[in-house]
Every structure is written in C-alpha cells, then in structure tokens.
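Student: Please read through the structure below; I'll follow up with questions.
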Amino acid sequence: MEFNESLMSERSDTDLTLTTVDEHRQRMTLHCEECNTVLGDSHGVCGEVTCLDSIMCMRVTNDVILSDEMESGHKGEMAKCIYSALKCRGCHCAVGMVIHSAPSRLAVIRSVYLLHKANISCYILNSSSMVKASTLKFDLKPLKESIHEMRHQFQIKYDKMAVIKSRLEDK
Ligand SMILES: [Zn+2]
C-alpha cells in the first residue's frame, strides 16, 4: 500500500479528532521490516505479549501467509506449544506465528496472529513516520477501558429498563 500526499493531507483533520477521542491508541499500519509489505493495521491489534515480544492481532492482511506446517516448542515460553509460522508474501520472511495449542498460562493468545516485533515496522499516520515496532507499546489498556465503558452503558440501559418494568407492573 502506498500513501499519496493528497490523501494524507485530506485525512489529517480526521486523524486529529480520532486521536483526541482515542488518545492511547495511535493509528498506524504494520509493515514487514524486510520488504515493507503491509501486514496489518492498528484496528486489528488487540494487545501485546511481552514474553514473546509479539503484537497480538485479530486481523492481518492477505499478505500474511499461515504456514501449513505445525511446529512444537521445546523450551522457554514456547514449551509445550504447537504453532505455525506466519510468513510475509512479499519476501517469504518469517514475521510471526499462530499458536494452536498452549498451556493454560498462554491460553489467551491461542489462535490470534502474533507478529514478532523485531520483524515489524509501523507507519504512524499522525506523524507520517516509520518506526520499528520494538520501540512501541501495544498494551491492552484501550480495550479494557472500552469494555468498562460498554459495561457502564449497559448498566444504565438495564437500570432504565428495570424502572419501566416496575412501572408497568404497578399498573
Ligand atoms: Zn516481507
């Protein structure tokens, strides 16, 4: 993917508003460090696994190929894990993995795309700059906050409905 100048300047106002609303999360595209192919974007990112030095993604582009071959980890964090490598379609470099089976401590990262930070660079839309993923944090804070916010909204709706229900019952 290439960004032309006019598109970037048109988008800049929108990006500013988005940043204020969602200031924890920077808008960015994720690229192969080797050949710059776009592998994903910040909308697909759902966190970070520090012990594996990887970005967790729910979605990636079609240029991320999931290898058919299953491998098993023998040591460290990957012990007792069954996983398949993710490769970049552009240069065939390994860019991460998907864990199919893992001990319970790693259960939360099963079946999500794990992009290895060392193989990824990020194009930050607001500053139009390319940085190494290893210099950024992809923690879960925004997700947790939005879940709290959603729970709060549900609670308000639930309370309103309870009031309406009791009024109906009184009649
Ligand atoms: Zn590549």
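Every read-out reported here was derived from the displayed coordinates using simple, explicitly stated rules and does not represent laboratory data. Quick caveat, the model's predicted, so the values are computed rather than measured. We place every Cβ from the backbone using ideal geometry, glycine too, and count neighbours over all the protein chains shown.
Student: Could you give each residue of region 109-122 its phi-based ³J(HN,Hα) in whole Hz, using Karplus coefficients 6.51, -1.76, 1.60 with θ = phi - 60°, and x for Gly or Pro?
Tutor: 9, 5, 6, 9, 7, 10, 9, 6, 4, 5, 9, 10, 10, 10
Student: Order by neighbour count: C81, C51, C122, fewest other Cβ atoms within 10 Å first, most last.
Tutor: In order of increasing Cβ crowding within 10 Å: C51, C81, C122.
Student: Would you mind computing the Rg to Rh ratio of region 22-161 from its alpha-carbon coordinates, Kirkwood style for Rh?
Tutor: 1.04
Student: Please quote Rg/Rh for region 56-108 to two decimal places, taking the Kirkwood radius as Rh and restricting both calculations to Cα atoms.
Tutor: Using only Cα positions, Rg/Rh for region 56-108 is 1.00.
Student: Separate question: Sequence-distant or interchain residues sharing an amide H contact under 5 Å with C46, placed H: which?
Tutor: Residues meeting the amide H criterion: M56, C57, M58.
Student: Right, here's the next one. Amide H neighbours of I120 under 5 Å, counting only residues 5+ apart in sequence or on other chains, H built in-plane at 1.01 Å?
Tutor: Amide H to amide H, under 5 Å and 5 or more residues apart or across chains, I120 pairs with E33, A133.
Student: Between region 25-84 and region 88-113, what is the separation of their alpha carbon centroids in Å?
Tutor: Going from one Cα centre to the other spans 6 Å.
Student: What is the P(r) of region 80-126, as percent of Cα-Cα pairs per 5 Å bin from 0?
Tutor: Using 5 Å bins, I get a P(r) of 5, 20, 23, 20, 15, 10, 5, 1, 0 for region 80-126.
Student: Sum up the charges of everything whose Cβ sits under 11 Å from the Cβ of S101, counting Lys and Arg as +1 and Asp and Glu as -1, but leave S101 out. Spell out each step's value before the answer.
Tutor: Numbers: positive: K80, R110; negative: none.
Its environment carries a net charge of +2.
Student: May I pose another question? With the Cα gyration tensor of region 101-171 giving a ≥ b ≥ c as the square roots of its eigenvalues, does the rule (a/c under 1.5 for rounded; else a/b larger than b/c for prolate; else oblate) give rounded, prolate or oblate?
Tutor: It comes out oblate by the Cα gyration axes.
Student: Taking K and R as +1 and D and E as -1, what net charge do the other residues with C-beta under 9 Å from the C-beta of A133 add up to?
Tutor: +1
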